[in-house]
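The values are calculated or read from the model by the stated rules, or taken from the named source; none is laboratory data. Just so it is clear, the structure is predicted and the values come from calculations on it, not from any experiment. All Cβ positions, even for glycine, are placed from backbone atoms using ideal geometry, and neighbour counts span all protein chains on display. What goes into the accessible areas is simple: the full protein's heavy atoms, side chains included, and nothing from ligands, DNA or RNA. Shrake-Rupley method; radii C 1.70, N 1.55, O 1.52, S 1.80 Å.
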Amino acid sequence: MATKKRKRSALKRIRQTQRRTTVKTIGRSAARTAVRTAREAIAKGSEAAADVIAAAASALDRAAKRGAIHKNSARRRRSRIAKASAKAKKKS
């Protein structure tokens, strides 16, 4: 199949989309990893859980700021982590 001619503006949009996709993917992945780490720390009852939870909240906020995840989704996930942490503290 022959390659199609593209306008300069179309090529620029392709570059922008690729860059944006990469940035958002990195942010989303970092947020997921931070949340997973926080949940593991809460489950273990780790002493450094507070720091890990704060890092997860920060990662979620950064991802929401970039548009990698929705603002309300980030807030919901932060809330659930905080709730799980409070529940774990109450048990022990």
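If the chain linking L11 and S79 were pulled fully straight, counting 0.36 nm for each residue of separation and taking away their Cα-Cα distance, it would gain 20.4 nm. Taking Cα centroids, how far is the stretch 68-87 from the stretch 1-67 in Å? Computed from Cα coordinates, the inter-centre distance equals 16 Å.
Over the chain, with every protein chain in place, what whole percent of the accessible area is carbon and sulfur at 1.4 Å, could you tell me?
Details: 3850 of 7440 Å².
Taking all protein chains in place, the chain shows 52 percent carbon and sulfur surface.
Projecting label points 7 angstrom from Cα along Cα→Cβ for N72 and K24 puts them 1.8 nm apart. Scanning the chain for trypsin sites (Lys or Arg not before Pro) that sit in a DSSP loop and have at most 14 other Cβ atoms within 10 Å, the longest stretch containing none of them is 8-92. Which option, (i) 14.1, 44; (ii) 16.3, 48; (iii) 18.9, 67, is the value of Rg and Dmax of the Cα atoms in Å that was calculated from these coordinates? After the calculation, the listed value that fits is (iii). To the nearest 0.05, what FRET efficiency results for K87 and K65 with a Förster distance of 35 Å applied to their C-beta separation? With R0 = 35 Å, the Cβ-Cβ based efficiency is 0.80. Among E40, E47, the order of accessible area from largest down is E47, E40, computed with a 1.4 Å probe on protein heavy atoms. The heavy atoms of T37 present about 60 square angstrom of accessible area, all protein chains included, probe 1.4 Å.
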